Structure formats: C-alpha cells, structure tokens
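Nothing in this text is a laboratory measurement; each read-out follows from the coordinates by a stated rule. Keep in mind it's a predicted model, so treat the numbers as computed, not measured. Here the Cβ is made from the backbone with ideal geometry for all residues, glycine too, and neighbour counts use every protein chain on show.
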Amino acid sequence: MALLTLQERLHDAAELLQRASQIVALTGAGISTESGIPDFRSPGSVWQLQPPVSYHDFINKSEARQQYWQTRRHLSSQVKEARPNTAHRALADLERRGMLLGIITQNFDGLHQDAGNSAERVIELHGTSRAAACTLCGARSSITELQERIDTGAIDPRCPACGGFLKAATILFGQRVPETELARAKELAAACDLFLVVGSSLKVMPAAMLPQLALNRNVPLIIINLQPTSLDALADVTIAEKAGVVLPRLVELL
C-alpha cells in the first residue's frame, strides 16, 4: 500500500477537524522549540549532559537548589525572549472559530495565552514559569523579583510567609502533577469530539494517557509530531512534520 503524501494527510486531518466542534489539543515541547525554547529530552539536550534536579533533591539538598537556580538563569532568558509561532496562533484561531474546547499543555512558557488562547481554556499540567511558588504553603509570588534576588546573591530563597523553599511554579521530576489540573484535563479528554496531539512524544505521564481516554470513546485522534509516538498505530492521521508548518495549513483548509 502506497504511503500517503503530506497533502493527502492534511486533507484527511482537515476533514476530521471540519466535523468537530469540541476539539482538545495536547501540546508538548515540539510546539515551542520553533519559538526558540529547547526540548530538554531530545538527544544531545542539556538534560542529557546534566540531569535536571529532582523534587526530592530540591527539598533535601542545598546544593541541588543552587544547581536549580543556576540552570534556570539561562532557561529563563530563553523563555522570556520566546514569542508565539504560527502553530500557537493556529490553535488560537481554532478557539476564535468556536471549535476548540481547550488546550492541555506540558509546556510552562505561557505562549498559548500570548497567542490569544483564553487562559481559562489552557490547562498547564506542568505549571508555569511565569510565577514563583512556595514548596510548603503553595503561595504564588513574582518570579521576576525572585530571579532578581538570585541574581544579586540570594543562594537559597525562602518564603516570607512560612519559610518554605521558593522555586518557579513548575513541576520538577518526581513532583506530582496537581490533582486539580489533572482532573480538568481528564474532563476535557472525556468531553472532546476530536483529540489533537501537537509536538508531544507521549512518553511523559500522566499526559501520555490522556489521548487514550478519547480513543476509548472512539473519538478521532490526530498526531502531529516529528518523531513516532506510542499511539501512532491507533491514530486516524499522523503527520511527521513541524507543528508550525502543519497547523496553519490545516486551519486554512477548514
């Protein structure tokens, strides 16, 4: 059987999108790499050279917290300079057309909101880099002010309210995804009439199990990701291309 061309896959995906009105998108690092934010899990990534600080070590080791802040200094500048790309804007266009139920993102960069998606329709499973949070009481505060404290010599910043350790409001390895966000994500997967995966390898739980919830209801699944995923064989359409190339063309076909 001949392999479908990119144009044929685009038309197949567009036909599925045209029949949908409650689309849920799961986005991963692959949508933000085109905005200049590195994918830390890819071969040759920074995390392969220097494994990220785990939540256990952050809580228990002063040197781990110092390493965390040193690593974050470079990342924060990349995230601050990043701007939404054509893939982010295409998802915002789907919302404006009344077709998008919501976005579940593994990213913490806030680019979906910058592109025009309503904050209430974006579920940030892994948190946000745009706020600081206390690991003890959970209080949110300014990440800009906290980063300035680090840059001017603060080694191990503490929460002024309870004395807990402060960090960006993102999820570290070994830290549980907040139950509220996960429950909302499951609700979206249970209510959608099309599930769209964009730029995710579907290797990181619990996000990786969300498309399966839709598949269990025989909801169409479209996967746009450069590398193969574990659900490719079950997807209605798979497109191994950059999200910034595919999503705008799909929206144009609607």
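A Förster radius of 30 Å, combined with the Cβ-Cβ distance separating ASP232 from ALA161, puts the computed FRET efficiency at roughly 0.05. Our analysis of region 108-247 gives Rg over Rh at 1.05, with the two radii drawn from alpha carbon positions and Rh computed by the Kirkwood formula.
Ordering 102-114, 157-169 by mean Cβ neighbour count within 10 Å, with the highest value first, yields 102-114, 157-169. Our summary gives region 104-254 a relative contact order of 16 percent, counting only alpha carbon pairs under 8 angstrom and 6 or more residues apart.
Starting from the coordinates of the alpha-carbon atoms of region 1-144, obtain the Kirkwood hydrodynamic radius over all distinct pairs and give the value in Å to one decimal. Evaluated over region 1-144, this radius sits at 17.5 Å.
Spin-label model, SER54 to VAL245: label points 7 Å out along the Cα-to-beta-carbon direction sit 3.9 nm apart. Within the set (1) 1.05; (2) 1.10; (3) 1.01, the number that Cα Rg over 2.2 N^0.38 Å takes when calculated for this structure is listed as (1). Secondary structure note: in the chain, about 30% of the DSSP beta bridges are antiparallel.
Give me the net charge for the shell around GLY164: Cβ to Cβ below 13 angstrom, other residues only, Lys and Arg +1, Asp and Glu -1. Net charge around GLY164: +3.
Ordering TYR68, TYR55 from the fewest to the most neighbouring beta carbons within 10 Å gives TYR55, TYR68.
Extension gain for SER21 to SER77 (0.36 nm times residue separation, less C-alpha to C-alpha distance): 16.4 nm.
Taking a Cβ-Cβ separation under 4.7 Å as the criterion for a possible partner, which cysteines of the chain have none? For the chain, the answer is CYS192, because their Cβ atoms have no other cysteine Cβ under 4.7 Å.
With angles folded into 0 to 90 degrees, how steeply does helix 243-253 sit against the dominant principal axis of the chain? Use alpha carbons for both and round to 10. Approximately 40 degrees, to the nearest ten. Take every pair of alpha-carbon atoms less than 8 Å apart whose residues are at least six positions apart; their mean separation over the length of the chain yields a relative contact order of 27 percent.
Using the Karplus relation 6.51 cos²θ - 1.76 cosθ + 1.60 with θ = phi - 60°, the per-residue 3J(HN,Hα) values for region 206-214 come to x, 4, 5, 8, 5, x, 5, 4, 6 Hz, with x marking Gly and Pro.
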